[in-house]
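The values are calculated or read from the model by the stated rules, or taken from the named source; none is laboratory data. It should be emphasised that the depicted structure is a prediction, and the values quoted were computed from it without experimental measurement. Methodologically, a virtual Cβ is constructed for each residue, glycine included, from the backbone with ideal geometry; neighbour enumeration extends over all protein chains shown. Only protein heavy atoms, including side chains, enter the accessible area calculation; ligands, DNA and RNA are left aside. Shrake-Rupley method; radii C 1.70, N 1.55, O 1.52, S 1.80 Å.
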Amino acid sequence: MLRSAFFIRLISIITLLHVYIGVRLISDLPVGAPYKWLGGLLLVVSVFLIPLGMAARTIKKQPLSDLLAWIGYLAIGLFSSLLVLTVLRDILLLLYVVNRLRGIASTPYDFISVSALCVPALAVLLTLLGVYYARRNAPVKIIDVPIPGLAAALHGFKIVQITDIHIGPTIKRGYVEKIVATVNGLKADLIAVTGDVVDGTVPRLAADAQPLGALSARHGTFFVTGNHEYYSGADEWIVEFRRLGFRVLMNEHVVVNHDGAHAVVAGVTDYNAGNVDPAHMSSPAKAIQGAPRDIPFRLLLAHQPRSAAAASEAGFTLQLSGHTHGGQFLPWMFFIRFQQPFVHGLGKLNDLWVYTSRGTGYWGPPVRLAAPSEVTLLRLVADQPAV
């Protein structure tokens, strides 16, 4: 009942936003009536495609389910660009009106009609560019992290982080194989997989996730759960990831010996995991409990950057997170910072370094704009005191 009510509210909001776009654009388009009717029809179709795409995962029949997801998610991406550009156009028109009232300028008819035509054209172009950037091979991003008191043997230690792949309706085995090839080519000392690997159940996606079993690093592959694992059957996926050779860290740690130097590698369950399963309550303090006190470098894998406050209190040196996607595309990149303390890149909280990846895949619409995907190579370097 609650899910149905949410879905009805969502469709209502989507419909109202489409009406806004239609009212603000269609009458101003410099085209004949048949094309204006076509524009209105396309908006109506979009209203139905968006919720259909979101509900596609409930359809068991393949390839129908994935096809509907592709269509619906593309419609979401196009609608998002169309909405943002319509709002920007209205802001420009408002500025013209204000200037006209002040006697500075008037609103030329050509601008009104031409801008109405430019909005859908630019929306289509931005969506196509976003699809290209989302579907290309994730580029490697190299980050040097200065660590005080780092053991000489750990200088240059290579951690490769992948996160937020979201294997599901639009991300399949071939996409995953390319990620694995990129990661293995970096010859990592340790691979960190920081959650949201899947969007679906083990029976549905095990074959597509299978290439992850080929990930190779000197000290192995470590995994922590993200919120989407809990939407997809976390317990079953934990078993599957262990079968693939991952070391799953559930509020626990291990000590890694690298050429005689030691590092603590810990991991926590997703920040909100306790809401799904109280036994999975996330706890950086529990994850570090019992770790040797004489090891200065302490790494925490935590899906959400929000774990940073507790990680700092627990005495960790570096936290690797994902979850945010860097916003993925407009307008979400402007809102994600209201939920998370770090959006992307390397930041610091007290003595804790926090690196937040934009993600190696994408979620929902196969679109990325101004928030490129990444395979992250983090190199530990000794932090030399200033002279």
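Using a cutoff of 8 angstrom between alpha carbon atoms and counting only pairs six or more residues apart, the relative contact order for segment 20-83 works out to 29 percent. Computing volume of the Cα convex hull per residue in Å³ for the structure here picks out one of (1) 154; (2) 175; (3) 146, namely (2). Dividing the summed -39500 (n - 2.57) terms of all DSSP H runs of n ≥ 4 by the residue count of the chain sets its mean residue ellipticity at 222 nm at -13500 deg cm²/dmol. Given their separation in residues at 0.36 nm each and the Cα-Cα distance between them, PHE7 and ASP383 gain 130.2 nm when the chain is fully extended. Neighbours of LEU330, meaning other residues whose beta-carbon lies under 15 angstrom from its beta-carbon, give a summed charge of +4 when Lys and Arg score +1 and Asp and Glu score -1. Shape call for segment 105-205 from the C-alpha gyration tensor, a ≥ b ≥ c root eigenvalues: rounded (a/c under 1.5), prolate (a/b greater than b/c) or oblate? Since a/c reaches 1.5 but b/c is at least a/b, the shape of segment 105-205 is classed as oblate. Estimated from the Cβ-Cβ distance and a Förster radius of 41 angstrom, the FRET efficiency linking VAL114 and ARG337 is about 0.75. Suppose all protein chains stay in the model; what accessible area per residue would a 1.4 Å probe give for segment 283-387, in Å²? Normalised by residue count, the accessible surface of segment 283-387 is 41 Å². Its Cα centre serving as origin, the chain has a Cβ charge dipole (Lys and Arg +1, Asp and Glu -1) of approximately 700 debye. Close amide H contacts of ILE167 (hydrogens built in the peptide plane, cut-off under 5 Å, sequence separation of 5 or more or a different chain): VAL198, ASP199. Loop-located trypsin sites (Lys or Arg not before Pro) across segment 1-110 with a Cβ neighbour count of 12 or fewer within 10 Å are LYS60, LYS61, ARG102, with loop assigned by DSSP. Each other residue within a Cβ distance under 14 Å of VAL180 adds +1 if Lys or Arg and -1 if Asp or Glu, for a net charge of +2.
Extension gain for ASN350-ALA309 works out to 13.8 nm (0.36 nm per residue, less the C-alpha to C-alpha distance).
One chain, two ends: ARG102 and ILE142. Fully extended at 0.36 nm per residue, the span grows by 9.2 nm beyond their Cα-Cα distance. For segment 26-119, the solvent-accessible area of protein heavy atoms averages 60 Å² per residue (probe radius 1.4 Å; ligands and nucleic acids excluded). Accessible area per residue for segment 184-272, computed on protein heavy atoms with a 1.4 Å probe, is 35 Å². Taken as entire DSSP H runs, the helices of the chain that both span 15 Å or more between Cα atoms along their own long axis and average 0.5 or more on the Kyte-Doolittle scale are 2-25, 33-54, 64-101, 109-135. For segment 206-246, the residues whose backbone nitrogen is under 11 Å from a point 7 Å from the Cα of ASN184, taken along Cα to Cβ, are 211-217. Taking Cβ atoms as reference points and 11 Å as the exclusive limit, the residues near GLN319 contribute a net charge of +3, counting Lys and Arg as +1 and Asp and Glu as -1. At 1.4 Å probe size, with the rest of the protein present, what percent of the exposed accessible area of the chain is carbon and sulfur atoms? That share works out to 65 percent. Looking at segment 308-377, the chymotrypsin sites (Phe, Trp or Tyr not before Pro) that sit in a DSSP loop and have at most 10 other Cβ atoms within 10 Å of their own Cβ are PHE335. Would you mind checking the pairs LYS172/LYS286; LYS187/LYS348; LYS61/LYS187; LYS172/LYS348; LYS60/LYS286 and listing those with alpha carbons more than 31 angstrom apart? Beyond 31 Å: LYS172/LYS286; LYS61/LYS187; LYS172/LYS348; LYS60/LYS286. In terms of the mean number of neighbouring beta-carbon atoms within 10 Å, the peptides 12-20, 190-198, 175-183 order highest first as 190-198, 175-183, 12-20.
Its relative contact order, with pairs defined as Cα atoms under 8 Å and 6+ residues apart, puts the chain at 19 percent.
Between LYS141 and VAL375, THR376, LEU377, the built amide H atoms are under 5 Å apart, and every one of these is 5 or more places off in sequence or on another chain.
Peptides 209-220, 151-162 ordered by packing proxy, namely the average of other Cβ atoms within 10 Å per residue, highest first: 151-162, 209-220.
Here's the picture: a label point sits 7 Å out from the Cα of THR201 along the beta-carbon direction, and within segment 49-84 the residues with their amide nitrogen under 17 Å of it are 55-66.
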